[in-house]
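Working notes for the structure below.
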Amino acid sequence: MAATYWDKQFFASTRGQIVALLRRADRTVDELARALKLTDNAVRAHLATLERDGLVQQRGVRRGERKPAYAYRLTPEAERLFPKPYAPVLDHLLQVLDTRMPTEEVEALLRSVGHGLAAGRQVADGDVRARLEAAVAVLNELGGLAELEAQDGSSVIRGYSCPLAAVVRHHPEVCRLAESLVTEVSGVPVKEHCDRGELLRCAFEAPAT
């Protein structure tokens, strides 16, 4: 997906307005053209680009005044364009947990969440490196930017963009969630050594082999 779709200016553009209209309801080319005061051909050109980028898809045929027409809808991928309050909700939830539960219990709960996120995923096959690479892939699927590195005879998963960065600075115990996830996916008992300084850097070290 092009980076421009994440810019607020996108929603001021014609394609952004089409996305906003389709978020409310499925619409035909004619309905979009009337709402935006554009020609049908202009709308089709924008829809073709949005389809190419995986944001819009044809819904099916709808009967019209003149002839049947395809209706268009947003894909699940398009929902990522819209702000979600996950970070503030998670932050407040952790604040509540911190006031009601001992730190050890909160950490145990977060490890259980990491275990749950790994549920349904088979432990990767292959040697330790291959299994840790599989865990790296899972972290990246969740929005991180992680790589596997060799360090002093051991392997370290180092993250350069933490998917939980919005809350981890105030709630470092969240790293236990990721530690548990990596351990479950790889079958390797990693230890978290994250840097929670000015630049957040994830680090999960596997035992030397």
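Each reported figure results from applying straightforward, stated rules to the coordinates on display, with no laboratory input. Since the structure is predicted, the reported quantities are computational estimates derived from the model, not experimental observations. Positions of Cβ are backbone-derived with ideal geometry, glycine not excepted, and every protein chain shown enters the neighbour counts.
Table for the structure above
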read-out	value
Exposure proxy ranking, count of Cβ atoms within 10 Å, fewest first, for Val182, Val56, Val113, Val89	Val89, Val113, Val56, Val182
Kirkwood hydrodynamic radius of region 12-65, from inverse mean 1/r over distinct Cα pairs, in Å	11.3
Rg/Rh for the chain, where both radii come from Cα atoms and Rh is the Kirkwood radius	1.12
FRET efficiency estimate (nearest 0.05) - Cβ-Cβ, Leu199 to Glu149, R0 25 angstrom	0.90
Computed Rg/Rh of region 86-205, alpha carbon atoms with Kirkwood Rh	0.97
Within the chain, helix-based [θ] at 222 nm, where runs of 4 or more DSSP H residues each add -39,500 (n - 2.57), nearest 500	-13500 deg cm²/dmol
Amide H contacts of Arg27 (H built 1.01 Å from N, under 5 Å, at least 5 apart or other chain)	Tyr72
On Cα atoms only, tilt of 86-100 relative to the major axis of the chain in degrees	40
Net dipole in debye of region 86-205 [+1 Lys, Arg Cβ; -1 Asp, Glu Cβ; about Cα centre; nearest 20]	180
C-alpha long axis of helix 175-186 to longest principal axis of the chain, angle in °	90
For region 131-143, 3J(HN,Hα) per residue [Karplus equation, 6.51 cos²θ - 1.76 cosθ + 1.60, θ = phi - 60°, Hz, x = Gly/Pro]	6, 5, 5, 5, 5, 4, 4, 5, 4, 5, 4, 7, x
